[in-house]
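Visitor: Pasting a structure below so you can have a look.
Taken together, the values in this text are just the output of simple stated rules run on the coordinates, not laboratory data. None of the values given here were measured: they were computed from a predicted structure. Glycine gets a Cβ as well: all are built from the backbone with ideal geometry, and neighbour counts include every protein chain shown.
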Amino acid sequence: MKITAKVNRGAHAGAILTPHEHARNEGMYAVSETKYESDYIYLETLEEVARHIEAGFSVRMSRDGSKVPPSLIVPAKIKVEY
């Protein structure tokens, strides 16, 4: 399974984003219906993330190796390949 989004504008336009593995939550992925950290749901697998995207959740995503904090990406901008 592959989950990606593409940066459309700015200095990193064209960069590919993937679900961000949160270090303080043991490599789990964060999804949310809002932008607030208190609403984040942490998931263990990409399959769980894909199900939440289909249900309308946004995903915290980042570029591999980037020092820029992850962004919350809306479902309409995310591509899920099974």
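Visitor: Do we have residue 76 as among the aliphatic types (A, V, I, L, M) and not in a loop (DSSP other than H, G, I, E, B) here? Explain how you work it out, then say what you get.
Guide: Values: among the aliphatic types (A, V, I, L, M): yes; not in a loop (DSSP other than H, G, I, E, B): yes.
Yes: the conditions hold for residue 76.
Visitor: While we're on this one: Look at the stretch 45-65 and say how many of its residues are assigned to a loop (DSSP other than H, G, I, E, B) and within 17 Å of residue 82 (Cα to Cα). Talk me through it step by step, then tell me what you get.
Guide: As a first pass, look at the stretch 45-65 and keep what is assigned to a loop (DSSP other than H, G, I, E, B): 45, 55-57, 63-65.
After this cut, where a residue has to be within 17 Å of residue 82 (Cα to Cα) as well, the list is 45, 55.
Number satisfying all stated conditions: 2.
Visitor: Does residue 29 satisfy the condition of being among the hydroxyl-bearing types (Ser, Thr, Tyr), without any contact (Cβ under 8 Å) to a residue 40 or more places away in the chain, at negative phi and touching a Lys or Arg at 6+ places or on another chain (Cβ under 8 Å)? Break it down stepwise before answering.
Guide: Working: among the hydroxyl-bearing types (Ser, Thr, Tyr): yes; without any contact (Cβ under 8 Å) to a residue 40 or more places away in the chain: yes; at negative phi: yes; touching a Lys or Arg at 6+ places or on another chain (Cβ under 8 Å): yes.
It is true that residue 29 is among the hydroxyl-bearing types (Ser, Thr, Tyr), without any contact (Cβ under 8 Å) to a residue 40 or more places away in the chain, at negative phi and touching a Lys or Arg at 6+ places or on another chain (Cβ under 8 Å).
Visitor: Hey, among 53, 3, 78, 16, which residue is among the aliphatic types (A, V, I, L, M) and over 10 Å from the mean Cα position of the chain (by Cα)? Steps first, answer last, please.
Guide: Details: 53 fails: over 10 Å from the mean Cα position of the chain (by Cα); 3 fails: over 10 Å from the mean Cα position of the chain (by Cα); 78 fails: over 10 Å from the mean Cα position of the chain (by Cα).
Step by step, each of 53, 3, 78, 16 is checked, and only 16 is among the aliphatic types (A, V, I, L, M) and over 10 Å from the mean Cα position of the chain (by Cα).
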